[in-house]
Amino acid sequence: MNSNAVRTFVDDRLETYIAELKSLVEHESPSRDKGRLDLLAGAIADRWEGLGGNVERIANDAGGDHLVGRFFEAAPGPPALVVGHFDTVWPVGTLARLPLRRDGGRLFGPGVYDMKTSLILVAGVLEAFAALGLRPARPITVLFTSDEEVGSKTSRTRIEALARESAHALILEPPLADGSLKTARKGVGRFTLTVEGKAAHAGVAPELGASAIVELAHQVLKVAALNDPAAGTTLNVGLIEGGTTPNVVPARASAEIDARAVTIAGAEAVEKALLGLSAVTPGTRVTVEGGFNRPPMERSPAVAELFAKARRVGEGLGLALTEGSTGGGSDGNFTAAVGTPTLDGLGAAGGGAHADDEHIEIGSIPERAALLAALLLEI
Ligand SMILES: [Zn+2]
């Protein structure tokens with residue numbers, strides 16, 4: 001079977017791919033460092049062109065450039081969209097503290113799991129297709145962005161546009177800890193609640209003041225009451241500040257809120273409730289700003305159907321694919337929310353994303369390359 005041939009192809013060249021992966025990790029690329037991101041984008045673009053891709057570099061004044069590579073454009077039907085990112089959460093200099101390290105079957109290093117190994121999966125699959133004369137079922141569009149770790153503000157429009165013109169989206173984020181693919185993700189919202197009161201001398205004329213902190217206390221409890229864990233809706237007031245000094249009735253206080261929801265309806269309900277909060281304490285005023293920057297990725301019937309197809313494809317490779325959900329967001333939230341069936345968590349196995357022990361299981365590279373190949377060949 002063809003995708004088994006891809007597994008053998010990648011396995012035979014594994015040391016070459018690991019060397020390529022090391023050079024990608026050694027090129028540090030934090031989300032806000034345009035200089036380094038653009039250099040890396042150039043290297044990836046060259047690699048994709050060498051693989052026969054038609055590469056579009058999306059110039060970005062507000063951050064690193066993004067990359068779209070189109071492959072097998074003459075194949076029939078709308079394309080499969082493969083999505084990843086080449087930015088990492090790690091500041092420049094992290095490598096000095098956490099150098100690349102190979103320990104048994106694992107490769108440790110900042111950004112190796114989330115998600116530079118996915119660039120190797122893409123390269124390995126396309127190289128195997130060329131060498132083995134394999135043709136995918138449909139054209140392949142590969143999108144790698146430079147700002148996923150900071151909310152995809154500059155890439156979102158492009159992610160959504162490409163998703164709309166694609167048959168489905170395959171997201172190369174890390175899988176769940178047990179290797180499961182991700183078929184649902186919570187939506188992520190950020191809100192700032194600000195209270196304005198009236199300052200007064202706390203000893204001489206407290207009755208002339210209106211305490212923003214007392215009002216904030218009321219509001220924090222109202223926000224907490226919106227939690228509905230059974231429905232998958234959770235809110236966290238993660239930061240509060242306010243006041244100036246103990247002998248002044250505080251004129252100002254604020255809170256930062258993280259909100260998560262499993263369904264688009266749940267996200268809309270939370271947003272409406274938060275934006276509708278009003279003051280309890282006379283003389284104070286409450287304003288709320290913010291919204292869901294990633295809509296929920298719902299396990300829609302179309303997503304369930306795509307997973308069922310993937311599971312059948314996996315059986316051909318001897319893999320028993322499983323699925324699960326996560327509270328974290330990715331660019332899969334955007335592709336799913338425009339109605340494009342989305343399968344997430346297709347990256348290599350490993351652990352420690354955003355943590356000092358970030359690593360991949362080297363042995364999973366040929367297997368995950370074969371899975372990606374099979375999805376592209378058969379769906
Ligand atoms: Zn990621």
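Go through the residues of region 91-98 one by one and say whether even a single one is surrounded by fewer than 17 Cβ atoms within 10 Å (Cβ to Cβ) and more than 24 Å from the chain's Cα centre (by Cα).
Yes, because at least one residue in region 91-98 is surrounded by fewer than 17 Cβ atoms within 10 Å (Cβ to Cβ) and more than 24 Å from the chain's Cα centre (by Cα).
Out of the residues in region 1-47 that are more than 22 Å from the chain's Cα centre (by Cα) and not in a helix (DSSP H, G or I), which is surrounded by the fewest Cβ atoms within 10 Å (Cβ to Cβ)?
Residue satisfying both the conditions and the ranking: MET1.
Which of the following residues is within 15 Å of the ligand (Cβ to nearest atom) and of a type in the set (Asp, Glu): ASP103, ASP87, ASP65?
Among ASP103, ASP87, ASP65, only ASP87 is within 15 Å of the ligand (Cβ to nearest atom) and of a type in the set (Asp, Glu).
Among the numbered conditions (1) farther than 25 Å from GLY266 by Cα; (2) assigned to a loop (DSSP other than H, G, I, E, B), tell me where LYS153 comes up short.
Result: LYS153 passes all but (1).
Which condition number does LEU274 fail, the rest of (1) surrounded by 22 or more Cβ atoms within 10 Å (Cβ to Cβ); (2) of a type in the set (A, V, I, L, M, F, W, C); (3) within 30 Å of ILE213 (Cα to Cα); (4) touching a His at 6+ places or on another chain (Cβ under 7 Å) being met?
(4)
With (1) loosely packed, with under 14 Cβ neighbours inside 10 Å; (2) without any contact (Cβ under 8 Å) to a residue 24 or more places away in the chain as the list, and PRO282 as the residue in question, which single condition is left unmet?
Of the numbered conditions (1) loosely packed, with under 14 Cβ neighbours inside 10 Å; (2) without any contact (Cβ under 8 Å) to a residue 24 or more places away in the chain, the odd one out for PRO282 is (2).
Which residue, of GLU148, GLU160, is within 18 Å of the chain's Cα centre (by Cα) and farther than 20 Å from LEU372 by Cβ?
It is GLU160.
Which residue out of ASN293, ASN333 is under 14 Å from ALA184 (Cα atoms), within 16 Å of the ligand (Cβ to nearest atom), polar (S, T, N, Q) and within 20 Å of the chain's Cα centre (by Cα)?
Going through ASN293, ASN333 in turn, the sole match is ASN333.
Working only within region 109-167, note down all residues that are among the polar types (S, T, N, Q) and either surrounded by fewer than 23 Cβ atoms within 10 Å (Cβ to Cβ) or outside the structural domain of GLU15 (by TED's automatic domain parsing) (or both).
THR154, THR157
Does LEU239 satisfy being in contact with an Asp or Glu (Cβ under 8 Å, 6 or more places away or on another chain), free of Cβ contacts under 8 Å to residues at least 60 places away in the same chain and among the aliphatic types (A, V, I, L, M)?
yes
When THR233 is evaluated against the numbered criteria (1) free of Cβ contacts under 8 Å to residues at least 60 places away in the same chain; (2) touching a Lys or Arg at 6+ places or on another chain (Cβ under 6 Å); (3) among the polar types (S, T, N, Q), which criterion, by number, is the only one it fails?
Here THR233 clears every test but (2).
Counting just the residues of region 168-180 that are surrounded by fewer than 22 Cβ atoms within 10 Å (Cβ to Cβ) and within 22 Å of THR263 (Cα to Cα), which one comes out nearest to the ligand (Cβ to nearest atom)?
LEU176
Can you list residue pairs whose Cβ atoms sit under 8 Å apart, with the first residue in region 149-169 being at positive phi and the second being within 16 Å of the ligand (Cβ to nearest atom) and assigned to a helix (DSSP H, G or I)? Count only pairs 6 or more apart in sequence or on different chains.
Final answer for the pair search is SER152/ILE159; SER152/PHE334.
Let me confirm something: among LEU95, LEU132, which residue is away from the ligand (no atom under 16 Å from the Cβ), over 19 Å from LEU170 (Cβ atoms) and touching a Pro at 6+ places or on another chain (Cβ under 9 Å)?
LEU95
Residues to consider are VAL6, VAL82; find the one that is among the β-branched types (Val, Ile, Thr) and within 16 Å of the ligand (Cβ to nearest atom).
Selected residue: VAL82, the only one of VAL6, VAL82 that is among the β-branched types (Val, Ile, Thr) and within 16 Å of the ligand (Cβ to nearest atom).
Which one of the conditions (1) farther than 15 Å from PHE292 by Cα; (2) out of contact with any Leu (no Cβ under 9 Å at 6 or more places or on another chain) does GLU271 fail to meet, given that it meets all the rest?
Exception for GLU271: condition (1).
Having 2 or more residues that are of a type in the set (D, E, K, R) is the bar; report the helices (runs of 4 or more DSSP H) wholly within region 269-379 that clear it.
Output list reads 301-315, 364-378.
Suppose the filter is modelled with pLDDT of 95 or more and either of a type outside the set (D, E, K, R) or within 15 Å of the ligand (Cβ to nearest atom) (or both); does ALA348 pass it?
Yes; evaluated as a whole, the condition is true for this residue.
Of everything in region 146-167 that's of a type in the set (Gly, Ala, Ser) and away from the ligand (no atom under 16 Å from the Cβ), which residue is farthest from LEU24 (Cα to Cα)?
Filtering region 146-167 for residues that are of a type in the set (Gly, Ala, Ser) and away from the ligand (no atom under 16 Å from the Cβ), the one farthest from LEU24 (Cα to Cα) comes out as ALA167.
The values are calculated or read from the model by the stated rules, or taken from the named source; none is laboratory data. Just so we're clear, the structure is a prediction, and the values are computed from it rather than from any experiment. Please note: Cβ atoms are built from the backbone with ideal geometry, for glycine as well, and neighbour counts cover all protein chains shown.
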